[in-house]
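A.B. asks: If you scroll down you'll find the structure; I have some questions about it.
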Amino acid sequence: MKMGRYTFEQKVQACEDIISRKRSPFDVARDLNVPIWLPLKWWDEYEEDGPEAFLPESQYTEYPKEFKEAVVDEWKSHSGPVEYFAQKYHIPRDLLLKWINRSMEGEDLDD
């Protein structure tokens, strides 16, 4: 079986075909000549994160001050688990904790 790299477009199309029932995961696997688990894995990732799941991950993401403040303010107003907000906004938990701590200490969140 071929186990090469697949493009963003191929993965998104495969997932959209599965969701729309145009092709089954088995059909996608057969068409791409890959094991059945691979389109199932893509589908799971797509369901979780949408097409962004297949974008290359950046080593470093810079977040605007307004975004940081909005996330921290939402956390403060709901007092939910930090993990929930980290997952909701796709940011590392430790980074969100850093923003929360800085905000609680009255520090600026612009860097």
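A.B. asks: Would you call Ala70 on the phi < 0 side of the Ramachandran plot, out of contact with any helix residue (DSSP H, G or I) (no Cβ under 9 Å at 6 or more places or on another chain) and not assigned by TED's automatic domain parsing to the domain that holds Gln13?
C.D. replies: yes
A.B. asks: Ok, one more. Quick one: count up the residues across the range 80-111 that are among the aromatic types (Phe, Trp, Tyr) and within 11 Å of Lys68 (Cα to Cα).
C.D. replies: Total meeting the criteria: 2.
A.B. asks: Which residue pairs have Cβ atoms under 8 Å apart, sit 6 or more places apart or on different chains, and have a first residue in the range 29-55 that is touching a residue at least 40 places away in the same chain (Cβ under 8 Å) and within 15 Å of Phe8 (Cβ to Cβ) and a second that is among the aliphatic types (A, V, I, L, M) and exposed (fewer than 14 other Cβ atoms within 10 Å of the Cβ)?
C.D. replies: none
A.B. asks: Scanning the range 82-92 for residues that are outside any helix (DSSP H, G or I) and in contact with a Phe, Trp or Tyr (Cβ under 9 Å, 6 or more places away or on another chain), which turns out farthest from Cys15 (Cα to Cα)?
C.D. replies: So the residue we want is Ile91.
A.B. asks: Follow-up question, since we're still on this one. So which residues in the range 77-111 are within 23 Å of the chain's Cα centre (by Cα), basic (Lys, Arg) and more than 28 Å from Glu47 (Cβ to Cβ)?
C.D. replies: Residue satisfying the conditions is Lys98 alone.
A.B. asks: Right, another one. With modelled with pLDDT under 85 and surrounded by 11 or more Cβ atoms within 10 Å (Cβ to Cβ) as the only criterion, which of Arg5, Arg23, Arg93 stands out?
C.D. replies: Only one candidate passes the filter, namely Arg93.
A.B. asks: Given the residues Val28, Val34, Val71, which is the only one that is modelled with pLDDT of 95 or more and either crowded, with 17+ Cβ neighbours inside 10 Å or of a type in the set (Ser, Thr, Tyr) (or both)?
C.D. replies: After ruling out the rest, the residue left standing is Val28.
The values are calculated or read from the model by the stated rules, or taken from the named source; none is laboratory data. Only a predicted model underlies this, so the values are computations on that prediction, with no experimental measurement involved. Positions of Cβ are backbone-derived with ideal geometry, glycine not excepted, and every protein chain shown enters the neighbour counts.
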